[in-house]
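Asker: Here it is: the structure, laid out below.
The values are calculated or read from the model by the stated rules, or taken from the named source; none is laboratory data. Note that this is a predicted model, so its numbers are computed, not measured. Cβ coordinates were reconstructed from backbone atoms using ideal geometry, including for glycine residues, and neighbour counts include every protein chain displayed. SASA here: full protein model, heavy atoms, side chains in, ligands and nucleic acids out. Shrake-Rupley method; radii C 1.70, N 1.55, O 1.52, S 1.80 Å.
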Amino acid sequence: MQHIDKSKPVMVTGANGYVATWLVKKLLEDGITVHAAVRNPDNHQKIAHLKDAAKNAKGEIKFFSGDLLAPGSYMEAMEGCELVYHTASPFTSDFKDAQKELIDPAVKGTENVLNSAKELESVKRVVVTSSCAAIYTDAIDSVNAPGGVLTEEIWNTTASMEYLPYSYSKTLAERKAWEIEKTQSNWDLVTVNMSLVLGPALNAANNTSESINILKMLGGGDMKMGAPKIGVGIVDVRDVADAHYKAGYTPEAKGRYITSAHNTNFLEMGTTLLPKYGDKFPLPKNALPKWLLSIVGPLTNKLFTRKFVKNNVNIPFKADNSKIKKELGMTFRPMKETMEDSFQVLIDDGILKAKS
Ligand code: NAP
């Protein structure tokens, strides 16, 4: 059990990211000083939205540089902090070398940040942004889980360097975090295990998070012939910020927290947008048949391998979010609000264009 003093600064790695930005905003609005660690604090384009978030907030933001692959590089940002949020990790499907671009930054980065936390006496709690990807790889894994539902007890055993290496990177990184936690007694570790995060981006134009790409795929016409019913969980980015906040400041918070609001699928995500945007955007209306995707999928998108299609299309996803609701008092926004707000930001920022 750790009580965090709100007058002390809080460190956030990858502070400029899609998810972290909403957390930083929330901390600043609460009057907390945020030590925002980013790769290059001189890159104005990458941090302008954080400066905007700080403008009318009670808290103060201070920028620091930190690189996941440079040992000790987060030390300066962490000094004097009781609470450390480690969110930075690559979330992309656009990679050539999984080891170098996904696994190393995820695992060595976690080692780097947590080893620095071991050296600083001020640190009392580390919250690691993990993922449901550290729990499962394919929707079929939830069907095969005890009772057909994913819980915090389960670890991903099906991802690998060759098959969905992003999920593998998150699994190895979270395992590393728990391993390091055991080697010290100054701080405790809490992990936030989100499903697919959607919701309005505060930095949509300068963001490469896979979340934004999925929204662009839904509204940009890639799925106008139909969307595959791939079972997934989704959660609003604003709720994810809230979950991180609660994970940091609830003294009793303990262990892993599945942070997933709705069990859904890609088609339903698209059709939720139809009433408001169906006239102007090429949104999916029908389910893309599994047999068709098995044939054309591998040619259109490198994610849609035969194995992926077999293990995910027309297979429901089910995760149990009762632990975070019960222990941290978490509530979640309705899916319609999340989908519409995400989409509207992409339209307002000129990223998605309406049919004329
Ligand atoms: P994002 O916007 O791309 O944020 C990733 C952050 O990590 C960025 O700040 C990025 O910095 C930083 N980063 C990447 N490689 C780095 C390196 N070598 N050194 C220092 N910083 C590095 O993606 P996101 O969606 O917000 O993801 C944030 C976290 O949430 C990740 O841990 C991800 O695995 C987790 N997560 C996301 C989802 C989701 O659906 N979005 C779901 C579950 C878990 P740059 O901007 O400089 O690249």
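Asker: Between a residue in the stretch 65-88 that is over 22 Å from Glu174 (Cβ atoms) and any residue that is open to solvent by 40 Å² or more (accessible area, probe 1.4 Å) and near the ligand (Cβ under 8 Å from one of its atoms), which pairs come within a Cβ distance under 8 Å, given they are 6 or more apart or on different chains?
Answerer: From residues that are over 22 Å from Glu174 (Cβ atoms), the pairs are Ser65/Arg39; Ser65/Asn40.
Asker: I'd like to know if the stretch 327-349 contains one or more residues that are at pLDDT below 95 and assigned to a loop (DSSP other than H, G, I, E, B).
Answerer: Within the stretch 327-349, one or more residues are at pLDDT below 95 and assigned to a loop (DSSP other than H, G, I, E, B).
Asker: Within the stretch 131-148, count every residue that is among the β-branched types (Val, Ile, Thr) and open to solvent by less than 30 Å² (accessible area, probe 1.4 Å).
Answerer: Within the stretch 131-148, the subset among the β-branched types (Val, Ile, Thr) is 135, 137, 140, 143.
This time we only want the ones that are open to solvent by less than 30 Å² (accessible area, probe 1.4 Å), so: 135, 137.
Number of matching residues: 2.
Asker: A further question on this structure: If the requirement is being buried (at least 24 other Cβ atoms within 10 Å of the Cβ), within 13 Å of the ligand (Cβ to nearest atom) and either outside any loop (DSSP other than H, G, I, E, B) or at pLDDT 95 or above (or both), which of these qualifies: Val107, Val127?
Answerer: Going through Val107, Val127 in turn, just one is buried (at least 24 other Cβ atoms within 10 Å of the Cβ), within 13 Å of the ligand (Cβ to nearest atom) and either outside any loop (DSSP other than H, G, I, E, B) or at pLDDT 95 or above (or both): Val127.
Asker: Another question, then. Which members of the stretch 61-87 meet the condition of being open to solvent by 20 Å² or more (accessible area, probe 1.4 Å), in contact with a strand residue (DSSP E or B) (Cβ under 6 Å, 6 or more places away or on another chain) and within 13 Å of the ligand (Cβ to nearest atom)?
Answerer: Narrowing the stretch 61-87 to residues open to solvent by 20 Å² or more (accessible area, probe 1.4 Å): 61-65, 67-73, 75-76, 79-80, 87.
Checking which are in contact with a strand residue (DSSP E or B) (Cβ under 6 Å, 6 or more places away or on another chain) leaves us with 61-64, 76, 87.
Those that are open to solvent by 20 Å² or more (accessible area, probe 1.4 Å), in contact with a strand residue (DSSP E or B) (Cβ under 6 Å, 6 or more places away or on another chain) and within 13 Å of the ligand (Cβ to nearest atom): Phe63, Phe64, Thr87.
Asker: To continue, here is another question. When you look at Glu153, is it more than 15 Å from the ligand (Cβ to nearest atom) and in contact (Cβ under 8 Å) with a residue 24 or more places away in the chain, yes or no? Talk me through it step by step, then tell me what you get.
Answerer: Working: more than 15 Å from the ligand (Cβ to nearest atom): yes; in contact (Cβ under 8 Å) with a residue 24 or more places away in the chain: no.
When the stated conditions are applied, Glu153 does not pass them.
Asker: Then there is this: Looking at Lys216, Lys118, Lys229, which one is within 18 Å of the chain's Cα centre (by Cα) and open to solvent by 30 Å² or more (accessible area, probe 1.4 Å)?
Answerer: Numbers: Lys118 fails: within 18 Å of the chain's Cα centre (by Cα); Lys229 fails: within 18 Å of the chain's Cα centre (by Cα).
Within the list Lys216, Lys118, Lys229, the selection yields Lys216.
Asker: Can you find a residue in the stretch 297-308 that is surrounded by 16 or more Cβ atoms within 10 Å (Cβ to Cβ) and modelled with pLDDT of 85 or more?
Answerer: Checked against the condition, which is being surrounded by 16 or more Cβ atoms within 10 Å (Cβ to Cβ) and modelled with pLDDT of 85 or more, the stretch 297-308 yields at least one hit.
Asker: For the stretch 180-210, give me the residue count where each residue is out of contact with any His (no Cβ under 7 Å at 6 or more places or on another chain), near the ligand (Cβ under 10 Å from one of its atoms) and either open to solvent by 40 Å² or more (accessible area, probe 1.4 Å) or not in a loop (DSSP other than H, G, I, E, B) (or both).
Answerer: 8
Asker: Just a yes or no: is a residue in the stretch 208-218 of a type in the set (Lys, Arg) and touching a Ser or Thr at 6+ places or on another chain (Cβ under 8 Å)?
Answerer: Pass one, the stretch 208-218, residues of a type in the set (Lys, Arg): 216.
Filter once more, keeping what is touching a Ser or Thr at 6+ places or on another chain (Cβ under 8 Å): none.
Within the stretch 208-218, none of the residues are of a type in the set (Lys, Arg) and touching a Ser or Thr at 6+ places or on another chain (Cβ under 8 Å).
Asker: Now for a separate question. Filter the stretch 52-61 for residues that are under 18 Å from Arg238 (Cα atoms) and either in a helix (DSSP H, G or I) or of a type in the set (Lys, Arg) (or both) and give the result.
Answerer: Once the filter is applied, which keeps residues that are under 18 Å from Arg238 (Cα atoms) and either in a helix (DSSP H, G or I) or of a type in the set (Lys, Arg) (or both), the stretch 52-61 yields Asp52, Ala53, Ala54.
Asker: Within the stretch 1-51, take every residue that is hydroxyl-bearing (Ser, Thr, Tyr) and assigned to a loop (DSSP other than H, G, I, E, B) and give me the one that is farthest from the ligand (Cβ to nearest atom). Reasoning before the result, please.
Answerer: Keep residues of the stretch 1-51 that are hydroxyl-bearing (Ser, Thr, Tyr), which gives 7, 13, 18, 21, 33.
When the remaining residues are screened for being assigned to a loop (DSSP other than H, G, I, E, B), the result is 7, 33.
Values: Ser7: 26, Thr33: 19 Å.
Among those residues, the one meeting the criterion is Ser7.
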